1. On the given criteria, is GLY59 assigned to a loop (DSSP other than H, G, I, E, B) and in contact with a helix residue (DSSP H, G or I) (Cβ under 8 Å, 6 or more places away or on another chain)?
2. Report whether or not THR44 is outside any helix (DSSP H, G or I) and hydroxyl-bearing (Ser, Thr, Tyr).
3. In region 11-41, which residue that is part of a loop (DSSP other than H, G, I, E, B) and more than 18 Å from the chain's Cα centre (by Cα) is modelled with the lowest pLDDT?
Amino acid sequence: MKLASRAEKLKPSATLLITAKAKALKAEGIDVVGFGAGEPDFDTPENIKEEAIKSINNGLRSIQR
């Protein structure tokens, strides 16, 4: 199958490369803290959820600082 030329220009995901490197190091017995892809094991704090909902309801499209 031939890919579009623009698809051939895509670079590998840095996040996936970091995750693969951490996994390889762990397999070698090296103690690694992975900062690649992952999912938190805790829920989003209520105050953050409330502010996000408020922003969505007010039509806010970006963070104002």
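1. On the way: assigned to a loop (DSSP other than H, G, I, E, B): yes; in contact with a helix residue (DSSP H, G or I) (Cβ under 8 Å, 6 or more places away or on another chain): no.
Against the criterion (assigned to a loop (DSSP other than H, G, I, E, B) and in contact with a helix residue (DSSP H, G or I) (Cβ under 8 Å, 6 or more places away or on another chain)), GLY59 does not qualify.
2. Values: outside any helix (DSSP H, G or I): yes; hydroxyl-bearing (Ser, Thr, Tyr): yes.
Answer is yes for this residue.
3. We begin by selecting, within region 11-41, every residue part of a loop (DSSP other than H, G, I, E, B); these are 11-13, 28-41.
Now narrow it down to the ones that are more than 18 Å from the chain's Cα centre (by Cα): 28-32.
On the way: GLU28: 97, GLY29: 96, ILE30: 95, ASP31: 94, VAL32: 91.
The residue in question is VAL32.
The values are calculated or read from the model by the stated rules, or taken from the named source; none is laboratory data. Just so it is clear, the model here is predicted, and its values are computed rather than measured. Using ideal geometry, Cβ is built from the backbone for each residue, glycine included, and neighbour counts are taken over all protein chains shown.
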